[in-house]
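Worksheet: the structure to be examined is printed underneath.
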Amino acid sequence: MSYVTLCLPFNVDGVEAKRLLSTTWLFKIATHRMLYIAKQCPVLPATDIGWKNTFRKVIYEVIPNRRYVDGVIVLVQGIYESCRQLGLDFKEVELGDWLMFQQVEKEYPVRNITIKQGYKFHITTIDYNGEPSRVVIKPTVSKNYRKLLDRLLEERQRHVARVVLRDYGVRKGRLWVHGEIQVTIPINFYYRHMTRYRGNNGRLYGGVDINVDRINLAIVDKEGKLRDVKTFWFEETSRKSCPRRRARSIIGMAVHDMLRYAYHHGVKTLFLENPEVLGRLKLLWIRNGSRLHENYNYRVSVFRSSTIEMVAMKAPLYAIEVHYVDPRETTHSVMHNEVMKRYGLDRHLASAYLIALKGLKQL
C-alpha cells in the first residue's frame, strides 16, 4: 500500500448540488460507453499511453474535460487489469451502482478539485450541455485531517482527488446531495505527519483475528507463551441500520484502541491473516456473477480484508511492525480445539493465538 485516502463528507443543495450531480452522471455515462467499447475490442492496448490514445476522443464527446476523461480511462483500465489478475472474464463485468468523478493526475494543485485555504475545495463541474463551471464546497474536516491538509498546502504535496455522491434527493423544492471529497496522498506523507510514537522498545508479539463485530488480540513472548488476550468490540457496525461511514469510523476507533493497547503492553510485531487479493474489484466500481454484495461470504471476506488493511496501515503510527501469515488451520483444526480447552479461550481468541504462533515460526 503506497497511499492513503482521506474522506471528507459534505452536504450541499441548490445550484451546487445540480452541478455536482450532472458531472457525476456524465462521468458514469462516459464510463459505461468506454466499458462497452472496450469489451468489443479484440485486443486492448498494452500501455497507459495506448489506452489514452485509443479512447480519449470518444470519451471527450460525453464529458468534455481532459482530466475527467483520463479519470474514466484509468477506471476502466483498472477494471480490466483486475479481471486479468483474478481470472475473471472482462466481457462479463458490469458497472456497480455509484456516482463519482475523479482526476487521476498526481499534481499540486489538483486542477479540477483544488483545495484552498480554510479547507475549501474549488471543483470544476460540467453541465448536461457540456458547459464547465466551478463550485466551492467546504466539507467537514476532522482535527487530525486538518493538520494533514495544512501540511499538504504548506509542502505543496502532489496528490489526486475525487468526488463521490452517496445520496441525493429533493427537500422543500430544492435539490440536495450528500457525498464526500476523497483526497489520496502518499502514505509516507501520512506517516510523517500522523505518527504517534516514534520508538518501540517492546519485545512481545501479537496475533490478530478479525471478525464482523470484534478484533481479537493474543500477545505472546518469543517462546510462544501466551501472555495476554483482549477483545475489542464494534457490535453496532454489524446492524443493518448502521450507516457505512459511521461503521468505518467505529471500526477505526477499535483499531486504534487495539494498537494503543498492544503498544503499551510491549508488542513490537503484529501478525495478521493474509487478506485475499481482491484488486480494485472490492471497491465501488464493478460487479460480476457471484461477486454481488448480496453474497454474504463475499461481503464478509471484503470486510475482513478492509479491516486487516486498516490495521496494517495504522500500525506504523504506533511503531509496530506488521507481518502476514497464511490463515489456514487457524480456525478449524485439532490444534485450535486444544488451544481453546487448554487456555479457556473462545474460538476467536484461540485463532488469534494460533496466528501469533504461525507468525513466530516464519520469523
In the stretch 300-312, the residues that are open to solvent by less than 40 Å² (accessible area, probe 1.4 Å) and not hydroxyl-bearing (Ser, Thr, Tyr): Val300, Val302, Ile308, Met310, Val311, Ala312
Pairing a residue in the stretch 21-46 that is over 14 Å from Asn65 (Cβ atoms) with any residue that is aromatic (Phe, Trp, Tyr) and open to solvent by less than 30 Å² (accessible area, probe 1.4 Å), where Cβ atoms lie under 6 Å and the two sit 6 or more apart in sequence or on different chains, gives Met34/Phe55; Pro45/Trp51
Condition test on Leu8, is it surrounded by 19 or more Cβ atoms within 10 Å (Cβ to Cβ), assigned to a helix (DSSP H, G or I) and touching a residue at least 12 places away in the same chain (Cβ under 8 Å)? no
For the stretch 165-255, give me every one of the strands (runs of 3 or more DSSP E) that falls completely inside it and has 3 or more residues that are in contact with a strand residue (DSSP E or B) (Cβ under 9 Å, 6 or more places away or on another chain), basic (Lys, Arg) and surrounded by 18 or more Cβ atoms within 10 Å (Cβ to Cβ). none
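Okay, residues lined up against (1) touching a Phe, Trp or Tyr at 6+ places or on another chain (Cβ under 8 Å); (2) surrounded by 14 or more Cβ atoms within 10 Å (Cβ to Cβ); (3) under 30 Å from Ser249 (Cα atoms):
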residue: Ser22; (1), (2), (3): yes, yes, yes
residue: Leu35; (1), (2), (3): no, yes, no
residue: Thr47; (1), (2), (3): no, no, no
residue: Lys52; (1), (2), (3): no, yes, no
residue: Tyr68; (1), (2), (3): yes, yes, yes
residue: Ile73; (1), (2), (3): yes, yes, no
Let me spell it out: the conditions are (1) in contact with a helix residue (DSSP H, G or I) (Cβ under 7 Å, 6 or more places away or on another chain); (2) under 30 Å from Lys143 (Cα atoms), and Val58 meets all of them except one. Which number is the exception? (2)
Filter the stretch 313-346 for residues that are among the acidic types (Asp, Glu) and over 16 Å from Val208 (Cβ atoms); which is least open to solvent (accessible area, probe 1.4 Å)? Glu338
Subset of the stretch 85-111 that is assigned to a helix (DSSP H, G or I) and touching a helix residue (DSSP H, G or I) at 6+ places or on another chain (Cβ under 7 Å) - its residue that is surrounded by the most Cβ atoms within 10 Å (Cβ to Cβ): Phe90
Enumeration of residues in the stretch 129-175 that are closer than 28 Å to Val62 by Cα and of a type in the set (Asp, Glu): Glu131, Asp167
Mind checking whether some residue in the stretch 90-97 is over 23 Å from the mean Cα position of the chain (by Cα) and at pLDDT below 95? yes
Filter the stretch 347-363 down to the residues that are surrounded by fewer than 16 Cβ atoms within 10 Å (Cβ to Cβ) and not basic (Lys, Arg), then identify the one that is farthest from Asp221 (Cα to Cα). Gln362
For the stretch 112-135, name all the residues that are over 16 Å from Glu180 (Cβ atoms) and open to solvent by 50 Å² or more (accessible area, probe 1.4 Å). Lys116, Gln117, His122, Tyr128, Asn129, Glu131, Pro132, Arg134
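The values are calculated or read from the model by the stated rules, or taken from the named source; none is laboratory data. This is a predicted model, so every value here is computed, not measured. Note that each Cβ is placed from the backbone with ideal geometry, even for glycine, and that neighbours are counted across all protein chains shown. Quick note on the areas: whole protein, heavy atoms, side chains included, nothing else; ligands and nucleic acids left out. Shrake-Rupley method; radii C 1.70, N 1.55, O 1.52, S 1.80 Å.
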